[in-house]
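In what follows, a single structure is set out as structure tokens and then discussed.
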Amino acid sequence: MRTYASVPFSQVKINGPFWSERLETVLTKTIPSQYAQLEKHNMLRSLKLPQPVPPLTIPRKPDGFTTEIFWDSDIGKWIEAASYALSHRRDPVVEAQIEAITDDLEKAQAPDGYLNCWYQEREPENRWTNLRDNHELYNAGHLLEGAVAYFHATGKDRLLVVMERYMDHVASVFGRGPGQKRGYCGHQEVELALVKAWQATGKRKFLDLATYFIDERGAQPHYFDIEAQARGQKPSDYGQGTYEYSQSHIPVREQTKVVGHAVRAMYMYTAMADLAAEHGDAALKRACEVLWRDVTETRMYVTGGFGPSASNEGFTLDYDLPNDTAYAETCASVAMVFWAARMLNLDLDGQYADMLELALYNNSLAGLSRDGTQYFYDNKLESDGTHRRWDWHPCPCCTMNVARLVASIGGYVFGLAEREVAIHLYGGASATLPVAGGQVTLTETSNYPWDGAIRVAVEPEGTGGFTLSLRIPAWCKGATLAVNGASVPVKPERGYARITRAWAKGDVIDLNLPMQAERSWANPEVKVDVGRVALRRGPLVYCLEQIDQTLPLSRLRLPRTATLSARFAPDLLGGISLIEAEGLGLVDSPALYSDTPPTETPAKLTAVPYYIWCNRGANAMQVWVRE
């Protein structure tokens, strides 16, 4: 069923200005500062299983829970992000740090292969007793992903060997055989990590274990009920109330609504799409398609954010998309990028690449400050100025998630089939790829996302004819295309312009994607956005920050007749495109209430890309502007 494969990050060179700048920031600022935070908060110390056991760094909540239980996962994500960075530029300091962590994990690993620093240090008698809440397999998954990334980036497999021993232990504990537990993790993640391990090693046991976890989820009798009773607890006392929280309420192939915790959902859908491709599983593919339509048609923010509710870090009702209380966790959008990339491998359909791009450039990137050292966990679409970036977090999952996404950006550019190469993302990248019995070097050059003028140089070597498919984004109107200066009609097939020919060295494609500043309106069922409009240009959604306006945001409106214009500001925030318009604003009234309407005055509105907001200090912000 797999029709395409993503070209690995390690085979793609990023050379465009936008992503080069983001990459350099992650390489030089984000990864070192995150390592310092891991040290500062005693997270690296935990790998050494210190004795006597030190006091908790993060005190328990009233329910007895502490996010220290997740620490292994954060270290795994840091290894993964740092490994992606190493593929761009080898750094002996970072490699030494990963090797030292590997030393600690080797020493910590139990004789039977088990490896979880919380349980080995503090609760050895309780391991595998609370999969619902305590993330043992989730932690293992992130460590495994880190090991696979380090192997791809450096060729070193010592950490991967450690994690293979752990996965062998997991496979001995969980399954349908005599004496095995019929369990799975309350927080999905290990499933997609196991598929990565299978793809990296070719060892079928990883794929089989991932398949078991997905197939078993939601089966009756419910495993979380069984393990709660074994702990002496009533399943009905579960704090989240329903297993929809972890998408384990019914088997995955029967699910039609996107529910529960947003990050868990997106990780699970990613694994489902992976397994649909690996097994040719039509039922899994159909489930993914149904869930995709549900989330993108009724439960998604205009910025590519997911999950409006802080109480469950996830979904509520259709069209429930508040702005000032939006949760829209950074991790959820990062995971949407993962899922969209897998759907593209199942089916070259532009809707998946459009969603990948939207979540990537907007909600995901907003999670990382321009200097690379501050973060958003939740991403509001309206703020009174109190929403601020933070240096660290008691649950720092989003910090490493956005770092690993940016550092691995090369892995989302190209799709590859036997006789076809697809370009999903633009922004300046090159790669040498096997196709049609030979290889071709593609070099895409552009100043995307600020400009839609794109050039692709084609250098084939020993290939027959093949198809080069270029994405035409849904937001684009009036795309033009030329090969070696000769105009080619643009007739997109499900979002891609497909050019099939016998390519020759020196062939050049020029694609122009006009970028107009434009308005976007919400479905009237999104009640908070009735009478409001959002602005976008190309792949970027925009917002108003108070710092750029002359009147308070609450007084401003943008009449539907106002003309929008775009202007590149080279000296603002490293160079960004602004959207400007002549709006109207309410002036002060002398009375609290009056029998005459307030007076309006002309007011210039200046909008900046949403991802860059709150990089000039905390201030009020709005994505949706009154008309």
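I'd like to know if region 307-316 contains one or more residues that are aliphatic (A, V, I, L, M) and more than 20 Å from the chain's Cα centre (by Cα).
Within region 307-316, none of the residues are aliphatic (A, V, I, L, M) and more than 20 Å from the chain's Cα centre (by Cα).
Does region 151-158 include one or more residues that are crowded, with 22+ Cβ neighbours inside 10 Å, assigned by TED's automatic domain parsing to the domain that holds Phe224, β-branched (Val, Ile, Thr) and in a helix (DSSP H, G or I)?
Within region 151-158, not a single residue is crowded, with 22+ Cβ neighbours inside 10 Å, assigned by TED's automatic domain parsing to the domain that holds Phe224, β-branched (Val, Ile, Thr) and in a helix (DSSP H, G or I).
Counting just the residues of region 479-514 that are of a type in the set (Val, Ile, Thr) and assigned to a strand (DSSP E or B), which one comes out nearest to Arg419 (Cα to Cα)?
Residue satisfying both the conditions and the ranking: Thr500.
If I go through region 128-150 residue by residue, how many of them are closer than 21 Å to Asp104 by Cα and either free of Cβ contacts under 8 Å to residues at least 40 places away in the same chain or part of a loop (DSSP other than H, G, I, E, B) (or both)?
Applying the first criterion (closer than 21 Å to Asp104 by Cα) to region 128-150 yields 135-150.
Now drop any that are not either free of Cβ contacts under 8 Å to residues at least 40 places away in the same chain or part of a loop (DSSP other than H, G, I, E, B) (or both), which leaves 135.
Of the residues in that region, 1 qualify.
Tell me, which strands (runs of 3 or more DSSP E) wholly within region 365-467 include 1 or more residues that are more than 25 Å from the chain's Cα centre (by Cα)?
Filter on region 365-467 gives 420-423, 429-435, 438-446, 453-461.
Output the strands (runs of 3 or more DSSP E) that fall wholly within region 564-627 and possess 2 or more residues being among the β-branched types (Val, Ile, Thr) and in contact (Cβ under 8 Å) with a residue 60 or more places away in the chain, or say none.
It comes to 576-586, 600-609.
Give the number of residues within region 309-325 that are surrounded by 24 or more Cβ atoms within 10 Å (Cβ to Cβ) and either among the aromatic types (Phe, Trp, Tyr) or closer than 18 Å to Trp624 by Cα (or both).
Residues in region 309-325 being surrounded by 24 or more Cβ atoms within 10 Å (Cβ to Cβ) and either among the aromatic types (Phe, Trp, Tyr) or closer than 18 Å to Trp624 by Cα (or both): 2 in total.
Taking into account only those residues within region 244-261 that are under 20 Å from the mean Cα position of the chain (by Cα) and assigned to a helix (DSSP H, G or I), which is surrounded by the fewest Cβ atoms within 10 Å (Cβ to Cβ)?
Only one residue fits best here, namely Tyr245.
Residue check, Ile423 against (1) of a type outside the set (Ser, Thr, Tyr); (2) free of Cβ contacts under 8 Å to residues at least 40 places away in the same chain; (3) surrounded by 21 or more Cβ atoms within 10 Å (Cβ to Cβ), all met but one. Which one?
Just one mismatch for Ile423, condition (2).
Cβ contacts < 6 Å: first residue under 18 Å from Arg45 (Cβ atoms) and in the same structural domain as Ala171 (by TED's automatic domain parsing), restricted to region 113-124; second residue surrounded by 20 or more Cβ atoms within 10 Å (Cβ to Cβ) and aliphatic (A, V, I, L, M), any location; separation 6+ or different chain. Result?
Close Cβ pairs (under 6 Å, with a partner that is surrounded by 20 or more Cβ atoms within 10 Å (Cβ to Cβ) and aliphatic (A, V, I, L, M)) amount to Cys117/Leu47; Trp118/Ile69.
If you take the residues in region 458-483 that are among the hydroxyl-bearing types (Ser, Thr, Tyr) and surrounded by fewer than 21 Cβ atoms within 10 Å (Cβ to Cβ), which one is nearest to Val435 (Cα to Cα)?
Thr463
Evaluate the following for Val435: is it of a type in the set (A, V, I, L, M), at pLDDT 95 or above and either closer than 14 Å to Lys13 by Cβ or not assigned by TED's automatic domain parsing to the domain that holds Ser333 (or both)?
yes
Conditions: (1) of a type in the set (Ser, Thr, Tyr); (2) under 21 Å from the mean Cα position of the chain (by Cα); (3) closer than 19 Å to Tyr119 by Cβ. Thr30 meets all but one. Number of the miss?
For Thr30, the failing item is (3).
Take region 123-143 and flag every residue that is among the aliphatic types (A, V, I, L, M) and within 13 Å of Ala81 (Cα to Cα). Please lay out each step first, then the result.
The first filter runs over region 123-143 and keeps only residues among the aliphatic types (A, V, I, L, M), leaving 131, 137, 140, 143.
Scanning region 123-143 gives a single hit, Leu143.
Search region 360-388 for residues that are free of Cβ contacts under 8 Å to residues at least 24 places away in the same chain and pair each with any residue that is basic (Lys, Arg) and part of a loop (DSSP other than H, G, I, E, B) when their beta-carbon atoms are under 9 Å apart and the residues are at least 6 apart or on different chains.
Every condition considered, the pairs that remain are Gln374/Arg388; Gln374/Arg389.
For Gln240, all conditions in the list (1) at pLDDT 95 or above; (2) out of contact with any helix residue (DSSP H, G or I) (no Cβ under 6 Å at 6 or more places or on another chain); (3) polar (S, T, N, Q); (4) in a loop (DSSP other than H, G, I, E, B) hold save one; what is the number of the exception?
Only one criterion is unmet by Gln240, namely (1).
Does region 188-208 hold any residues that are part of a loop (DSSP other than H, G, I, E, B) and surrounded by 24 or more Cβ atoms within 10 Å (Cβ to Cβ), and which are they?
Gln188, Glu189
State whether the residues of region 68-83 include one that is of a type in the set (A, V, I, L, M, F, W, C) and surrounded by fewer than 19 Cβ atoms within 10 Å (Cβ to Cβ).
no
Give the residues of region 28-61 that are of a type in the set (D, E, K, R) and out of contact with any Ser or Thr (no Cβ under 8 Å at 6 or more places or on another chain), sorted by residue number.
Glu39, Lys40, Arg45, Lys48, Lys61
The values are calculated or read from the model by the stated rules, or taken from the named source; none is laboratory data. None of these values were measured; they are calculated from a predicted model. All Cβ positions, glycine included, derive from the backbone under ideal geometry; neighbour counts span all protein chains shown.
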